[in-house]
1. What is the gain in length, in nm to one decimal, between Lys154 and Leu111 on full extension, counting 0.36 nm per residue of separation less the C-alpha to C-alpha distance?
2. Take the solvent-accessible surface of the protein heavy atoms, probe 1.4 Å, and return the percent of it on the chain that carbon and sulfur atoms account for.
3. Show me, for the stretch 241-250, the HN-Hα J-couplings you get by feeding each phi into the Karplus relation (A = 6.51, B = -1.76, C = 1.60, θ = phi - 60°), rounded to Hz, glycine and proline as x.
4. Could you give me the ³J(HN,Hα) list for the stretch 180-186, computed from phi with Karplus coefficients 6.51, -1.76, 1.60 and θ = phi - 60°, whole Hz, x at Gly and Pro?
5. Taking R0 as 22 Å, what's the FRET efficiency between Tyr60 and Asn123 from their Cβ-Cβ distance, rounded to 0.05?
6. Would you kindly state how much longer the chain becomes between Tyr274 and Lys248 on full extension, computed as 0.36 nm times their sequence separation minus their alpha carbon distance, in nm to one decimal?
7. Can you check how the C-alpha radius of gyration of the stretch 144-284 compares to 2.2 N^0.38 Å, as a plain ratio?
8. Tell me, what is a quarter of the convex hull surface for the C-alpha atoms of the stretch 42-100, in nm² with one decimal?
Amino acid sequence: MFFRNGSRTMTNLNNIGFMQGRLSPAPKGKIQFFPHKYWENEFYLANRMGLKNMEWTLDYKNLYKNPIFKSRGVKKIKHLSRKYLINITTLTGDCFMQKPFWKFKKSKKYLKDFKNIVKACNNLKIRFIVFPLVDNSSIKNTRDEKKLIHKFSKLRGFLKKNNVTLLFESDFPPLKLKEFIKKFDQKIFGINYDSGNSASLNYNCNDEFKAYGKYIKNIHIKDRIKNGKTIKLGMGNAKFKKLFKNIKNINYKKLLILQTARTKKNDDYSELEYNFNFIKKYLN
(Lines give C-alpha, C1' and ligand atoms only; values in the text may rest on other atoms or scores of the structure.)
Protein backbone atom coordinates (compact mmCIF):
# COMPACT_ATOMS: atom_id res chain seq x y z
CA MET A 1 0.00 0.00 0.00
CA PHE A 2 1.39 3.38 -0.95
CA PHE A 3 -0.90 5.48 1.22
CA ARG A 4 -2.54 4.63 4.50
CA ASN A 5 -5.63 6.26 5.96
CA GLY A 6 -4.86 5.65 9.62
CA SER A 7 -6.66 3.23 11.92
CA ARG A 8 -10.16 2.21 10.88
CA THR A 9 -12.92 0.96 13.06
CA MET A 10 -15.29 -0.02 10.29
CA THR A 11 -15.60 -0.27 6.51
CA ASN A 12 -15.95 3.25 5.03
CA LEU A 13 -15.68 5.06 1.73
CA ASN A 14 -11.88 4.90 1.84
CA ASN A 15 -12.14 1.11 1.71
CA ILE A 16 -13.99 1.03 -1.61
CA GLY A 17 -11.99 0.22 -4.71
CA PHE A 18 -12.47 -0.96 -8.27
CA MET A 19 -11.23 -3.79 -10.46
CA GLN A 20 -8.62 -2.56 -12.90
CA GLY A 21 -10.06 -2.40 -16.42
CA ARG A 22 -13.49 -1.18 -15.37
CA LEU A 23 -12.54 2.36 -16.43
CA SER A 24 -11.28 1.33 -19.87
CA PRO A 25 -12.99 0.35 -23.13
CA ALA A 26 -13.52 -3.41 -23.16
CA PRO A 27 -12.55 -5.71 -26.03
CA LYS A 28 -15.60 -7.36 -27.59
CA GLY A 29 -16.97 -10.10 -25.36
CA LYS A 30 -14.64 -9.24 -22.47
CA ILE A 31 -15.75 -8.24 -18.98
CA GLN A 32 -12.42 -8.36 -17.19
CA PHE A 33 -8.93 -7.83 -18.60
CA PHE A 34 -5.71 -5.92 -18.11
CA PRO A 35 -6.09 -2.63 -20.05
CA HIS A 36 -2.69 -2.50 -21.78
CA LYS A 37 -3.50 0.72 -23.67
CA TYR A 38 -5.36 2.56 -20.92
CA TRP A 39 -4.02 1.43 -17.54
CA GLU A 40 -2.25 4.71 -16.76
CA ASN A 41 -5.38 6.81 -17.38
CA GLU A 42 -7.39 4.74 -14.89
CA PHE A 43 -5.47 6.31 -11.98
CA TYR A 44 -6.64 9.77 -13.03
CA LEU A 45 -10.24 8.65 -13.58
CA ALA A 46 -10.40 6.80 -10.24
CA ASN A 47 -9.09 9.87 -8.41
CA ARG A 48 -11.61 12.08 -10.20
CA MET A 49 -14.41 9.78 -9.01
CA GLY A 50 -13.16 9.73 -5.43
CA LEU A 51 -12.04 6.09 -5.34
CA LYS A 52 -9.01 5.29 -3.21
CA ASN A 53 -8.17 1.71 -4.20
CA MET A 54 -7.48 -0.30 -7.33
CA GLU A 55 -7.22 -4.09 -7.59
CA TRP A 56 -4.59 -4.97 -10.18
CA THR A 57 -5.38 -7.65 -12.78
CA LEU A 58 -3.22 -10.25 -14.52
CA ASP A 59 -4.08 -12.26 -17.63
CA TYR A 60 -1.93 -15.16 -18.73
CA LYS A 61 -1.83 -13.93 -22.32
CA ASN A 62 1.03 -11.42 -22.60
CA LEU A 63 1.71 -11.97 -18.90
CA TYR A 64 5.22 -10.52 -18.86
CA LYS A 65 4.15 -7.44 -20.80
CA ASN A 66 2.29 -6.35 -17.68
CA PRO A 67 4.11 -3.33 -16.17
CA ILE A 68 4.49 -5.00 -12.75
CA PHE A 69 7.31 -7.08 -14.29
CA LYS A 70 9.24 -4.16 -15.78
CA SER A 71 11.39 -1.74 -13.74
CA ARG A 72 10.10 1.17 -15.82
CA GLY A 73 6.52 0.00 -15.29
CA VAL A 74 7.01 -0.34 -11.53
CA LYS A 75 8.34 3.21 -11.32
CA LYS A 76 5.35 4.45 -13.30
CA ILE A 77 2.88 2.58 -11.08
CA LYS A 78 4.44 4.03 -7.93
CA HIS A 79 4.45 7.52 -9.41
CA LEU A 80 0.80 7.36 -10.47
CA SER A 81 -0.22 5.86 -7.13
CA ARG A 82 1.35 8.75 -5.27
CA LYS A 83 0.13 11.42 -7.67
CA TYR A 84 -3.49 10.28 -7.65
CA LEU A 85 -3.62 8.81 -4.11
CA ILE A 86 -4.62 5.33 -5.29
CA ASN A 87 -3.72 2.35 -3.08
CA ILE A 88 -2.86 -0.97 -4.69
CA THR A 89 -2.84 -3.72 -2.08
CA THR A 90 -4.65 -6.50 -3.97
CA LEU A 91 -4.15 -8.31 -7.26
CA THR A 92 -6.61 -10.69 -8.89
CA GLY A 93 -4.96 -13.54 -10.75
CA ASP A 94 -7.21 -14.38 -13.67
CA CYS A 95 -4.06 -15.98 -15.09
CA PHE A 96 -4.42 -18.76 -12.50
CA MET A 97 -7.95 -19.44 -13.65
CA GLN A 98 -6.83 -19.46 -17.28
CA LYS A 99 -3.85 -21.74 -16.49
CA PRO A 100 -4.52 -23.58 -13.19
CA PHE A 101 -0.96 -24.85 -12.74
CA TRP A 102 -1.84 -27.04 -9.79
CA LYS A 103 -3.96 -29.21 -12.11
CA PHE A 104 -1.16 -29.87 -14.60
CA LYS A 105 1.24 -32.80 -14.51
CA LYS A 106 3.94 -30.65 -16.08
CA SER A 107 3.58 -27.50 -14.03
CA LYS A 108 7.19 -26.35 -13.69
CA LYS A 109 6.82 -23.39 -16.08
CA TYR A 110 3.53 -22.24 -14.57
CA LEU A 111 4.87 -22.61 -11.04
CA LYS A 112 7.79 -20.40 -12.01
CA ASP A 113 5.32 -17.82 -13.34
CA PHE A 114 3.44 -17.97 -10.04
CA LYS A 115 6.62 -17.30 -8.08
CA ASN A 116 7.52 -14.39 -10.37
CA ILE A 117 4.08 -12.90 -9.76
CA VAL A 118 4.52 -13.19 -5.99
CA LYS A 119 7.93 -11.49 -6.21
CA ALA A 120 6.47 -8.70 -8.34
CA CYS A 121 3.71 -8.17 -5.77
CA ASN A 122 6.27 -7.99 -2.98
CA ASN A 123 8.22 -5.41 -4.97
CA LEU A 124 5.10 -3.22 -5.22
CA LYS A 125 3.94 -3.96 -1.66
CA ILE A 126 0.82 -5.67 -3.00
CA ARG A 127 -0.08 -7.80 -0.02
CA PHE A 128 -3.00 -9.91 -1.26
CA ILE A 129 -3.29 -12.13 -4.33
CA VAL A 130 -6.78 -13.37 -5.22
CA PHE A 131 -6.52 -16.96 -6.48
CA PRO A 132 -9.72 -18.05 -8.29
CA LEU A 133 -11.01 -21.58 -7.77
CA VAL A 134 -14.00 -21.08 -10.05
CA ASP A 135 -14.89 -21.88 -13.67
CA ASN A 136 -11.80 -23.38 -15.35
CA SER A 137 -9.92 -23.64 -12.04
CA SER A 138 -12.82 -24.96 -9.95
CA ILE A 139 -12.06 -27.90 -7.65
CA LYS A 140 -14.15 -30.75 -9.02
CA ASN A 141 -13.11 -33.69 -6.84
CA THR A 142 -11.12 -34.80 -3.81
CA ARG A 143 -8.06 -35.54 -5.92
CA ASP A 144 -7.94 -31.93 -7.19
CA GLU A 145 -8.36 -30.64 -3.66
CA LYS A 146 -5.51 -32.77 -2.31
CA LYS A 147 -3.23 -31.72 -5.18
CA LEU A 148 -3.87 -28.04 -4.50
CA ILE A 149 -3.32 -28.39 -0.75
CA HIS A 150 -0.09 -30.28 -1.39
CA LYS A 151 1.19 -27.65 -3.86
CA PHE A 152 0.53 -24.74 -1.55
CA SER A 153 1.87 -26.45 1.55
CA LYS A 154 5.22 -26.38 -0.27
CA LEU A 155 4.80 -22.68 -1.11
CA ARG A 156 3.96 -21.55 2.41
CA GLY A 157 7.50 -20.44 3.26
CA PHE A 158 7.92 -18.67 -0.09
CA LEU A 159 4.71 -16.68 0.40
CA LYS A 160 5.68 -15.76 3.95
CA LYS A 161 9.15 -14.62 2.84
CA ASN A 162 7.56 -12.33 0.23
CA ASN A 163 4.91 -10.97 2.64
CA VAL A 164 2.06 -12.07 0.38
CA THR A 165 -1.26 -13.55 1.50
CA LEU A 166 -3.13 -15.81 -0.93
CA LEU A 167 -6.91 -15.44 -0.98
CA PHE A 168 -8.95 -18.26 -2.47
CA GLU A 169 -12.14 -17.38 -4.33
CA SER A 170 -14.14 -20.59 -4.39
CA ASP A 171 -17.50 -21.95 -5.52
CA PHE A 172 -17.65 -24.35 -2.56
CA PRO A 173 -20.80 -24.20 -0.42
CA PRO A 174 -20.32 -22.50 2.98
CA LEU A 175 -19.46 -25.44 5.24
CA LYS A 176 -17.26 -27.08 2.61
CA LEU A 177 -15.32 -23.84 2.14
CA LYS A 178 -14.90 -23.52 5.90
CA GLU A 179 -13.40 -27.01 6.12
CA PHE A 180 -11.17 -26.29 3.12
CA ILE A 181 -9.68 -23.02 4.39
CA LYS A 182 -9.06 -24.48 7.86
CA LYS A 183 -6.43 -26.74 6.26
CA PHE A 184 -4.21 -23.71 5.55
CA ASP A 185 -2.12 -21.34 7.68
CA GLN A 186 -4.45 -18.43 8.47
CA LYS A 187 -1.55 -15.97 8.49
CA ILE A 188 -0.73 -16.67 4.84
CA PHE A 189 -4.04 -17.84 3.33
CA GLY A 190 -7.58 -16.53 3.44
CA ILE A 191 -10.79 -16.07 1.46
CA ASN A 192 -11.89 -13.57 -1.15
CA TYR A 193 -15.68 -13.29 -0.91
CA ASP A 194 -17.56 -12.57 -4.14
CA SER A 195 -21.14 -11.36 -3.70
CA GLY A 196 -22.04 -12.00 -7.34
CA ASN A 197 -20.75 -15.56 -7.49
CA SER A 198 -22.57 -16.41 -4.27
CA ALA A 199 -25.76 -14.87 -5.65
CA SER A 200 -25.44 -16.92 -8.83
CA LEU A 201 -24.98 -20.10 -6.78
CA ASN A 202 -27.97 -19.10 -4.61
CA TYR A 203 -25.94 -19.29 -1.40
CA ASN A 204 -27.31 -17.52 1.69
CA CYS A 205 -24.78 -14.93 2.84
CA ASN A 206 -25.88 -15.40 6.46
CA ASP A 207 -24.72 -19.01 6.20
CA GLU A 208 -21.52 -18.00 4.42
CA PHE A 209 -20.43 -15.36 6.92
CA LYS A 210 -21.36 -17.59 9.84
CA ALA A 211 -19.25 -20.43 8.42
CA TYR A 212 -16.12 -18.59 7.28
CA GLY A 213 -16.54 -14.85 7.91
CA LYS A 214 -13.38 -14.65 10.02
CA TYR A 215 -11.29 -15.88 7.07
CA ILE A 216 -12.53 -13.17 4.63
CA LYS A 217 -9.76 -10.68 3.80
CA ASN A 218 -11.09 -9.12 0.60
CA ILE A 219 -14.57 -8.70 -0.91
CA HIS A 220 -15.61 -8.38 -4.56
CA ILE A 221 -18.87 -6.52 -5.00
CA LYS A 222 -21.00 -7.54 -7.96
CA ASP A 223 -24.50 -8.80 -8.75
CA ARG A 224 -25.52 -11.83 -10.77
CA ILE A 225 -28.70 -13.57 -11.80
CA LYS A 226 -29.23 -16.97 -10.19
CA ASN A 227 -27.24 -19.42 -12.33
CA GLY A 228 -26.57 -16.53 -14.69
CA LYS A 229 -24.45 -13.59 -15.75
CA THR A 230 -23.20 -10.44 -14.03
CA ILE A 231 -25.64 -7.52 -14.21
CA LYS A 232 -26.10 -4.02 -12.75
CA LEU A 233 -26.00 -3.82 -8.94
CA GLY A 234 -29.45 -4.24 -7.40
CA MET A 235 -30.89 -6.02 -10.44
CA GLY A 236 -29.80 -9.58 -9.66
CA ASN A 237 -29.93 -12.20 -6.94
CA ALA A 238 -27.49 -10.54 -4.50
CA LYS A 239 -29.04 -9.42 -1.21
CA PHE A 240 -26.99 -6.31 -0.44
CA LYS A 241 -28.84 -5.26 2.71
CA LYS A 242 -28.16 -8.69 4.20
CA LEU A 243 -24.58 -8.63 2.91
CA PHE A 244 -23.71 -5.32 4.55
CA LYS A 245 -25.34 -6.37 7.79
CA ASN A 246 -22.99 -9.37 7.83
CA ILE A 247 -20.01 -7.17 6.91
CA LYS A 248 -20.82 -4.98 9.89
CA ASN A 249 -21.35 -7.94 12.20
CA ILE A 250 -17.85 -9.33 11.60
CA ASN A 251 -16.35 -5.82 11.91
CA TYR A 252 -14.84 -6.13 8.45
CA LYS A 253 -12.22 -3.40 7.93
CA LYS A 254 -10.68 -4.30 4.60
CA LEU A 255 -11.51 -3.58 0.95
CA LEU A 256 -14.72 -3.69 -1.05
CA ILE A 257 -13.73 -4.01 -4.70
CA LEU A 258 -16.26 -3.09 -7.38
CA GLN A 259 -16.09 -5.97 -9.87
CA THR A 260 -19.32 -4.91 -11.49
CA ALA A 261 -21.01 -5.44 -14.86
CA ARG A 262 -19.87 -3.59 -17.95
CA THR A 263 -22.06 -0.91 -19.50
CA LYS A 264 -23.70 -1.55 -22.88
CA LYS A 265 -23.55 2.17 -23.67
CA ASN A 266 -19.74 2.34 -23.75
CA ASP A 267 -19.75 4.79 -20.83
CA ASP A 268 -17.49 3.02 -18.35
CA TYR A 269 -16.99 6.01 -16.07
CA SER A 270 -20.72 6.62 -15.51
CA GLU A 271 -21.35 2.91 -14.97
CA LEU A 272 -18.69 2.63 -12.26
CA GLU A 273 -19.87 5.89 -10.70
CA TYR A 274 -23.39 4.45 -10.46
CA ASN A 275 -22.01 1.36 -8.72
CA PHE A 276 -19.88 3.48 -6.38
CA ASN A 277 -22.96 5.49 -5.36
CA PHE A 278 -25.00 2.30 -5.01
CA ILE A 279 -22.57 0.99 -2.40
CA LYS A 280 -22.29 4.31 -0.57
CA LYS A 281 -25.87 4.16 0.62
CA TYR A 282 -25.17 0.94 2.50
CA LEU A 283 -22.22 2.52 4.31
CA ASN A 284 -23.99 5.72 5.34
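The values are calculated or read from the model by the stated rules, or taken from the named source; none is laboratory data. Just so it is clear, the structure is predicted and the values come from calculations on it, not from any experiment. So basically every Cβ, Gly included, is an ideal-geometry build from the backbone, and we count neighbours across all protein chains shown. These accessible areas exclude ligands, DNA and RNA; they are computed on the full protein's heavy atoms, side chains included. Shrake-Rupley method; radii C 1.70, N 1.55, O 1.52, S 1.80 Å.
1. Residue separation times 0.36 nm, minus the Cα-Cα distance, leaves 14.3 nm.
2. Within the chain, the accessible surface is 49 percent carbon and sulfur.
3. 4, 5, 4, 6, 5, 5, 4, 5, 5, 8
4. Working through the residues one at a time gives 5, 5, 5, 7, 10, 5, 5 Hz.
5. Efficiency at R0 = 22 Å is approximately 0.65.
6. Full extension of this stretch gives 7.1 nm more.
7. 1.12
8. With the hull built on Cα positions only, its mean projection is 4.2 nm².
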